[in-house]
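The values are calculated or read from the model by the stated rules, or taken from the named source; none is laboratory data. It should be emphasised that the depicted structure is a prediction, and the values quoted were computed from it without experimental measurement. Methodologically, a virtual Cβ is constructed for each residue, glycine included, from the backbone with ideal geometry; neighbour enumeration extends over all protein chains shown. With ligands, DNA and RNA removed, areas are computed over all heavy atoms of the protein, side chains included. Shrake-Rupley method; radii C 1.70, N 1.55, O 1.52, S 1.80 Å.
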Amino acid sequence: MHTTVLLLAAEAPPQLLPARQLMAFTLASHIILVPMGVALPFITLLMHHRGIRRNDPTALLLARRWSAVMAVQFAVGVVTGTVLSFEFGLLWPGLMGRWGDVFGIGFGVEAWAFFLEAVLIAVYLYGWRRLKPRTHFLLGLPLPAAALMGAFGILAANSWMNTPRGFSLDSAGNPVDVNIWKAVFTPMFGPQYWHFVVAMVLTAGYVVAGVYAVGWLRGRRDHYHRLGFTVPFTVAAIATPIQFFLGDSIARKVFQEQPVKFAALEIVWDTGTHVPEYMFGRLHPDGSVSGGIKIPQLDSLLAGFSTDTKVIGLSSVPASDRPNATQATIAHWAFDLMALIGSVLVLLALWYALVWWRHRRLPASKWFWRSAACAGVGSVVAVECGWIATEVGRQPWIVYQNMRVAEAVTATRSTTLWIMLGLVVVVYVFVFGAFLAVLLKMRTRWRLADARQGGQGRDAEPEADTPYGPRPSVPSSSGDGRP
């Protein structure tokens, strides 16, 4: 307690800002890859199953190509995920030193899932044209489970930081009597986990479908593009309304478990009932709100299904225990933008479902296809906004109501941290540039392979060496059989 008082009386340590910026940059970069890592195996196996069940070589070809993208993405994700793991110890030694024994099991589970997923991806890639179709497909089935296990580990750690449970504190303020079960299954774990998983599924679906939507807009209306769009987009369209209700559920859970954080997300200053909802807007240090769209009484209604619902305001706690006005505004904008994108995606999914239900065909409107092409980018933005709202809204706590961020930060000089940030930015630009270059190279190679099959028609087998077909012989450059 004495240490906390001293920290509150002093200014934030100079290394706090660069440490936050470094962690924010690496997390924002890594999370771009997470939807494909978590959900692409599931979508790939759906296409794989369709190919086997219907004896469709085009579906098998799509599954094989997606598995190649999955492997490249996983390799890049290993790099960015490893950097994040090191940063927890290097940037936040106070967090890991005091609380690692309580919530560290989540990182352990995530590490094992990473290892298992790497092995399964290698086996799955190796199995094309080498294993019997049914055997190969069955060996791929554990892949989505491994991806979900990785999400389980990291979400268990994050939900614990939001609603810490499963420990007692001794006289020195250190955790004792750790109950791992309660530390993992905290009040926020269920809502966060399912909200996250469904978000990954719909994001991956829209990203993959968006590639083929662009092709459709450019006039490629063959079976290959139709199938490449329909399967992932249908998965995303089913997940979108589910996610809408899960998002409402997790917001209500935040209202119950983290009322000050909820106040930041909704920029509520004074505690009361009949609280209005602000769409966007800016909170000022004196509690006033400028800009945005004010909807009377809606915040109370959304929080507790009644306009008489009491909503805790930011002013109910000391300034040292809540996000400042700028942080609350950032969290609020991120939350509102995520909700806005989610609402637009619901409309897009309903458009798709209505046309399919009435006409049993894909929508013909160019605006639908333009929207579908942009849906993947919008979904990634919504995922980024979700994490911003989660992390910024929790400030100034790194462990909610138990440890402030300033207490956990490293003692490393701020200059060193700024240099590290610059180096990480340069390395990540190179890594993501290489990732994009590899994807573009793969796309070019696949288009050349498709062009060679153009004379057979687009519904014919697009490659000579399709999955489960005979492997082509390796040409020899000399008559004696030597390479």
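Considering segment 80-215, what Rg and Dmax in Å follow from its alpha-carbon atoms?
Cα only, segment 80-215: 18.8, 64 Å (Rg, Dmax).
Can you give the charge dipole size of segment 290-429 about its Cα centre, rounded to the nearest 20 debye, using +1 on the beta carbon of Lys and Arg and -1 on the beta carbon of Asp and Glu?
Result for segment 290-429 is approximately 620 debye, rounded to the nearest 20.
Of the accessible area of segment 286-416, with the probe set at 1.4 angstrom, what percent is carbon plus sulfur?
Ligands and nucleic acids excluded, carbon and sulfur reach 65 percent.
Classify segment 226-316 as rounded, prolate or oblate, taking a ≥ b ≥ c as the square roots of the eigenvalues of its Cα gyration tensor: rounded when a/c is under 1.5, otherwise prolate if a/b is larger than b/c and oblate if not.
prolate
Taking amide H atoms as placed 1.01 Å from N in the peptide plane, list the residues 5 or more away in sequence, or in a different chain, whose amide H sits under 5 Å from that of Glu277.
Distant-sequence amide H within range of Glu277: Ile295, Gln297, Leu298, Asp299.
Given 0.36 nm per residue, what is the gain on full extension from Ile419 to Asp321 after removing their alpha carbon distance, in nm? Could you put the intermediate results ahead of the total?
Numbers: separation 98, 0.36 × 98 = 35.28 nm, distance 3.07 nm.
Extra length available between Ile419 and Asp321 comes to 32.2 nm.
Under 5 Å between amide H atoms, partner at least 5 residues away or on a different chain: which partners does Ile398 have, H built in plane at 1.01 Å?
Residues meeting the amide H criterion: Met403, Arg404, Val405.
Considering the alpha-carbon set of segment 242-295 alone, what are its Rg and its Dmax in angstrom?
12.1, 38
Solvent-accessible area per residue for segment 32-121 at a 1.4 Å probe radius, Å²?
38
Given a Förster distance of 45 Å, report the FRET efficiency between Phe305 and Ala122 from their Cβ-Cβ distance, rounded to the nearest 0.05.
It comes to 0.35.
Taking all protein chains in place and a 1.4 Å probe, what share, in percent, of the accessible surface of segment 1-141 do carbon and sulfur account for?
Working: 4480 of 6490 Å².
Reported share for carbon and sulfur atoms: 69 percent.
Could you work out how far apart the two model spin labels at Lys441 and Leu347 are, taking each label as a point 7 Å from the Cα in the direction of the beta carbon, and quote it in nm?
If labels sit at Lys441 and Leu347, their model points lie 4.2 nm apart.
Could you give me D for segment 181-285, from Stokes-Einstein at 20 °C and 1.002 mPa s, where the hydrodynamic radius is the Kirkwood radius over C-alpha pairs? Units µm² s⁻¹, please.
The Stokes-Einstein estimate is 128 µm²/s.
Mind listing the phi-derived Karplus ³J(HN,Hα) values for segment 33-38, rounded to whole Hz, using 6.51, -1.76 and 1.60 with θ = phi - 60°, and x for any glycine or proline?
Result, rounded to whole Hz: 8, 4, x, 5, x, 7.
Could you state, as a whole-number percent, how many of the C-alpha pairs of segment 38-147 are farther apart than 17 Å?
Taking all Cα-Cα pairs of segment 38-147, the fraction more than 17 Å apart is 58 percent.
Under a plain spin-label model, where a point goes 7 Å from the Cα along Cα-to-Cβ, how far apart in nm are Gln297 and Leu139?
In this crude label model, Gln297 to Leu139 measures out at 6.4 nm.
Is the shape of the chain best called rounded, prolate or oblate, per the rule: a/c under 1.5 gives rounded, else a/b larger than b/c gives prolate, else oblate, with a ≥ b ≥ c the square roots of the Cα gyration tensor eigenvalues?
Values: a/c = 2.27, a/b = 1.59, b/c = 1.43.
The shape class here is prolate.
Bin width 5 Å, origin at 0, all Cα-Cα pairs of segment 201-240: what percent of pairs per bin?
Going out from 0 Å in 5 Å bins, segment 201-240 shows 7, 32, 31, 18, 10, 3 percent.
Would you kindly derive the ³J(HN,Hα) couplings of segment 267-284 from the backbone phi angles with the Karplus curve 6.51 cos²θ - 1.76 cosθ + 1.60 (θ = phi - 60°), listing them in order in whole Hz, with x for Gly and Pro?
6, 9, 9, 9, 5, x, 9, 6, 7, x, 9, 10, 8, 6, x, 10, 8, 9
Which angle between 0 and 90 degrees, to the nearest 10, do you get for helix 366-392 versus the longest principal axis of the chain when only C-alpha atoms count?
Helix 366-392 and the main axis of the chain meet at about 40 degrees.
At a Förster radius of 30 Å, what calculated FRET efficiency corresponds to the Cβ-Cβ distance of Val381 and Arg221, to the nearest 0.05?
According to the calculation, E is roughly 0.55.
Could you give each residue of segment 127-142 its phi-based ³J(HN,Hα) in whole Hz, using Karplus coefficients 6.51, -1.76, 1.60 with θ = phi - 60°, and x for Gly or Pro?
x, 4, 6, 10, 10, 5, x, 5, 4, 4, 4, 5, 5, x, 4, x
At 1.306 mPa s and 10 °C, plugging the Kirkwood radius over alpha-carbon pairs of segment 5-84 into Stokes-Einstein gives what diffusion coefficient in µm²/s? Walk me through the numbers on the way to the answer.
Values: Rh = 15.5 Å.
Answer from the Stokes-Einstein relation: 103 µm²/s.
Applying a 10 Å radius around every beta-carbon, put 394-401, 228-235, 417-424, 216-223 in order of their mean neighbour count, most first.
228-235, 394-401, 417-424, 216-223
Skip the ligands, DNA and RNA, and give the accessible area per residue of segment 351-392 with a 1.4 Å probe, whole Å².
Numbers: 2310 Å² over 42 residues.
Value returned for segment 351-392: 55 Å² of accessible area per residue.
Restricting attention to the alpha-carbon atoms of segment 345-407, what are Rg (one decimal) and Dmax (integer), both in Å?
My reading of the Cα-based Rg and Dmax gives 19.6, 61 Å.
Hey, rough spin-label estimate for Phe432 and Phe185, points 7 angstrom out along Cα→Cβ, what's it come to in nanometres?
The modelled label-to-label distance comes out at 3.8 nm.
Give, in whole angstrom and from largest to smallest, the semi-axes √(5λ) of the equivalent ellipsoid of segment 228-381, with λ running over the eigenvalues of the Cα gyration tensor. Could you put the intermediate results ahead of the total?
Details: eigenvalues 259, 48, 34 Å².
Semi-axes from the Cα gyration tensor: 36, 16, 13 Å.
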